[in-house]
Amino acid sequence: MKTLLLLLLSIVFAMPAQAAPTAAEVLATVDKNMTFESRKTTVTMTVTKNGRVKTYQMESFGRGADEGAVEFLAPARDKGTRMLKKGGELWMFLPHVEKVQKISGHMLRQGLMGSDFSYEDMLETAALSGRYDAKVLGEEVKDGRKTWKLEMTAKSADVSYPKRVSWIDQEYGVPVREELYAVSGMLLKVFTFTEVKDFDGRKFPTVFKAEDQVQQGSLTELRFDSLEFTVAVPEEVFNLRWLER
């Protein structure tokens, strides 16, 4: 019996460890889960700054990587505020001044409604594999989940964050945590992703959190109250006239 046990142990320890996936394989899984042909959501955004809390509700639509729209439903003072992204351009309608404003340049990286998510963060849905070169740094347990740790370097200078370090859930194929860096190497933001749910075979985290690492005491949570993929979105939503309807 002892001899048999030793033989079994020798076989187990002689077996090669499962090879880690390539960075391209990991990103392909993430992109499959996180990108979409079309999407409709309702979201609650909670912004906490120095102990003060503000809550917003919004409805958003997306079609591929190039078209996105957001309309604020609450609070009353911001109701009717709308944003529209087409290609690399972004417009915002402010109902209290009845004016459409184009958001461009450095303004794209400012916090939406004072949150820790920039305009770019909110409407960026392009595949990571198209924007970054990546390498697998290793395997880690993050927030109780087995993950692959990836380091991503931007392929071009127009990408919002030149470097990202991301922990990708091995089972779900979605990010658990991301650290976003400037060209200088300064850590700008930390994103965390929780409450992963299944949408017809697609895994998607339904709570996003962003912490500004430059401005301390700042935290923003996005909670997806409803989420539909591959839905018919009215064509008018992606028209500039929709902003002032």
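The values are calculated or read from the model by the stated rules, or taken from the named source; none is laboratory data. Bear in mind the structure is a predicted one, so any value in this text is a computation, not a measurement. We place every Cβ from the backbone using ideal geometry, glycine too, and count neighbours over all the protein chains shown.
Does any residue of the stretch 85-105 turn out to be under 15 Å from the mean Cα position of the chain (by Cα), in contact (Cβ under 8 Å) with a residue 12 or more places away in the chain and loosely packed, with under 15 Cβ neighbours inside 10 Å?
So in the stretch 85-105, the residues under 15 Å from the mean Cα position of the chain (by Cα) come out as none.
Looking for residues that are under 15 Å from the mean Cα position of the chain (by Cα), in contact (Cβ under 8 Å) with a residue 12 or more places away in the chain and loosely packed, with under 15 Cβ neighbours inside 10 Å, one finds none in the stretch 85-105, hence no.
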**Q.** Residue count for the stretch 131-157, restricted to those that are within 27 Å of residue 85 (Cβ to Cβ) and either touching a residue at least 12 places away in the same chain (Cβ under 8 Å) or crowded, with 16+ Cβ neighbours inside 10 Å (or both)
**A.** 10
Q.
Can you find a residue that is crowded, with 20+ Cβ neighbours inside 10 Å, touching a helix residue (DSSP H, G or I) at 6+ places or on another chain (Cβ under 9 Å), touching a residue at least 40 places away in the same chain (Cβ under 8 Å) and not β-branched (Val, Ile, Thr) anywhere in the stretch 211-228?
A. yes
Q: Run residue 39 past the list (1) free of Cβ contacts under 8 Å to residues at least 60 places away in the same chain; (2) assigned to a strand (DSSP E or B); (3) charged (D, E, K, R) and report the number of the one that doesn't hold.
A: (1)
Q) So residue 69 clears everything in (1) in contact (Cβ under 8 Å) with a residue 24 or more places away in the chain; (2) of a type outside the set (Phe, Trp, Tyr); (3) closer than 24 Å to residue 190 by Cβ; (4) not in a loop (DSSP other than H, G, I, E, B) except one condition, right? Which one? A) (3)
Q: Mind checking which strands (runs of 3 or more DSSP E) fall wholly inside the stretch 96-210 and carry at least 3 residues that are more than 25 Å from residue 68 (Cα to Cα) and modelled with pLDDT of 95 or more?
A: 132-142, 145-154, 163-169
